[in-house]
Structures are given as structure tokens and as C-alpha cells.
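Coordinate-derived values only; no laboratory data. Because the structure is a prediction, the values reported are computed rather than measured. Positions of Cβ are backbone-derived with ideal geometry, glycine not excepted, and every protein chain shown enters the neighbour counts.
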Amino acid sequence: MDSRQSRREDVARGAIILLISVGLAVVIVAARIGREPILSPAPTPTPIATATAAPTPSPTLVPSTPTPTPRPEPPTPTPAPVPVAGVDDAYVRDGRNIVCIDPGHGGEDLGNVRVEDGRIVLQEKDFTLEHSLLLADRLREDGYEVVLTRETDTEVNPSNEDVNGDGEVAPEGGPARTDQLDDLQARVNICNLAAADLLVSVHYNGAENVFLSGYEVWFNDERPFSERSEAFATFMHEALGNAYAEAGYEAVDRGIGIEDHVVTGPERPGELVPSEMPGAVIEGLFLSNDDDAAFIQSDVAEETLVGAYEEAITRYFGVYPG
Ligand SMILES: [Zn+2]
């Protein structure tokens, strides 16, 4: 083989290799260029996706929050009422237990007093008010509605009105209490106006005979609801007896009595408008008796007496709900 021929062959072979490598390079570059336009638009959709998704889910959570529905209904008191013939018709139950507390006396009217060495040391009007106010607080805490005929040391008819309409008032310039009927009628009116279910008149006794002592409860038996008044007087009498025993004081039991009192009846047509609810007058102790007076000033007196009043009232409404 001659050398020229072989050189020609070499050149031709080199040209083919060059063509092939150039062609390959063109194909690779072309492939790269072809891919790139597809990749470049990809990052643009991301900001649109985040912006639209964020605000929508938050308001949908609000309707799921109304949780107060499982709140239990308050239990309605349903003590079994004891029917009383002829009386229940006049007593439509309204679910309100309204107590009218009447703290006896007040203002110029001291009530019974205890005198030592010619000086007044105890006044009925003070104990009746103090104990009635405490009783009212306790009853309200128990869920009762309470109205008081007085809440301060005053007459209930201080401006001397002719409350009972009998044309008579206390003499001009004198204390309004001197016409007791007007003052007592004013008390009855307060209880009637409140449509009270029960009247509790709180008093403490006194007598010239200093040996008289103990507790008694009075009711009237001539009213249409006297059976209820008697029931309440019975509860009160029992509660006082138990309370004194618990306190270790041997108070004299003077029992339950039937008597005329302005606040509890009977009716006095033309003279008084009667109270329209059952009730009783309580005489807790004798201020004029040494032992009773010592007890009522003791530390346990308040709890003994007010606790007994509260217990009797609670027991009454357990039988005769308002
Ligand atoms: Zn009295």
C-alpha cells in the first residue's frame, strides 16, 4: 500500500469522525433547549395557590362552637302539696314562696321592755328587728322572696295616716303609735300588697310578774286558711322547743294558743282589712324574766331563735308551697 493512499484514507476518516461529533453536539444542545421552555413556567402557580386557600377555612369553624346546649334545666321544686278542702281554690300556686316578716313594734313603740334599777336595759323592738333582718337574709339565701313590714327602728305608720279608714288617727303632736290600729293595719297592708303566702310576726314577751317565762305561738282559727295557720304555729312551736333543747336552755313551753291579733285575724269588718294569708304571732321569750333575759343576750340566742324561725318556715313551705 502506498503512503499517499493511506494518508487520504486518514483524512477521510478524520472528517467522518468530526461530522459525527459535531452532529452529536447539535443533537444534545437541541435537546437541552427543547426542555428548558417547559421548566421555566413551573414556579409561577405557587403564590396563587397559597393566597386563595388561606382565608376560607377559618369562618367554617365558628358554627361548631355553640356548646351551651347541654346546660341542664334547673330542677323545679315539686314537693307534694297537701290538699286542704275549700282553701286550695283560693291559693293558686305560682311557684313563688313569699314570706312577710313583721318585726313587732318599732320607733316610739318600744314593745315589752326589761327594767333594771329604774333603767330600760332591753327593748322588744330591738330584738324583733335584729332577728327579723337575719331571718330575711337566711330565707333569701334559701330562695324565698321576703318582704318586711319595717327594716329600721321606726313605726310602720310614722306619718300618722288613717290607714284603716276609720276616721281616727293619733292626736296631733303625739307619737303616731298611739293609734295602734293604723300602725298594725299598715303592717297587714304590706303583707297583702306583696301577696305573701305566709305572715310571720316576731315578738318577745314581758309581764309585771317576773316569774313568767318561756315561749308561745298564737294563731287565729276564724280565717278561711286557719288550718294552715295552725300547721305553721305547730311547726314553729316544735322548732322552738327543739332549738332551745339543742342550745341547752330549759325554756318553759307555754304552748300554742288561739287568740285575736290584728295582724292574723279574725276579720273586723269596718274596722280593719284582715291579712289574706296564713300566719302566726311568735312570742319567743319573756324579757322580764331573769333566765329568759340572760338567754336572749347570750351568744347562742341569735342562732337558736332565727334558726328555729327558718326551720319552721321551711317546713311549712315543704307542705304548702307558694
Ligand atoms: Zn310584741
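Listing M277, M236 from fewest to most neighbouring C-beta atoms within 10 Å gives M277, M236. Counted by neighbouring Cβ atoms within 10 Å, the residues E141, E227 run from fewest to most as E141, E227.
If you rank H131, H105, H261 by fewest surrounding Cβ atoms within 10 Å, what's the result? Walk me through the intermediate numbers first.
Working: H131 22, H105 27, H261 17.
If I rank by nearby Cβ atoms, fewest first, I get H261, H131, H105.
The Cα atoms of the range 159-266 give a gyration tensor whose axes a ≥ b ≥ c have a/c of 1.5 or more with a/b no greater than b/c, which makes the shape oblate.
Taking every DSSP beta bridge that has both ends in the range 173-322, the antiparallel portion is near 35%. Length, then width, then depth: along the principal axes, the Cα atoms of the range 133-188 run 43, 20, 12 Å.
Modelled label positions at R268 and R254, each set 7 Å beyond Cα in the direction of Cβ, lie 2.1 nm from each other.
Classify the range 88-319 as rounded, prolate or oblate from the Cα gyration tensor: take a ≥ b ≥ c as the square roots of its eigenvalues, call it rounded if a/c is under 1.5, otherwise prolate when a/b beats b/c and oblate if not. Write down the numbers at each step before the final one.
Values: a/c = 1.64, a/b = 1.07, b/c = 1.53.
Because a/c hits 1.5 or more and a/b fails to exceed b/c, the range 88-319 counts as oblate.
Spin-label pair L193-D290: with each label point 7 Å from Cα along the Cα-Cβ axis, the two points sit 4.6 nm from one another. Neighbours of P278 by Cβ distance under 12 Å: Lys/Arg scored +1, Asp/Glu scored -1, total -3.
Net charge of the neighbourhood of R150, taken over other residues with C-beta under 11 Å away and scored Lys/Arg +1, Asp/Glu -1, is -4.
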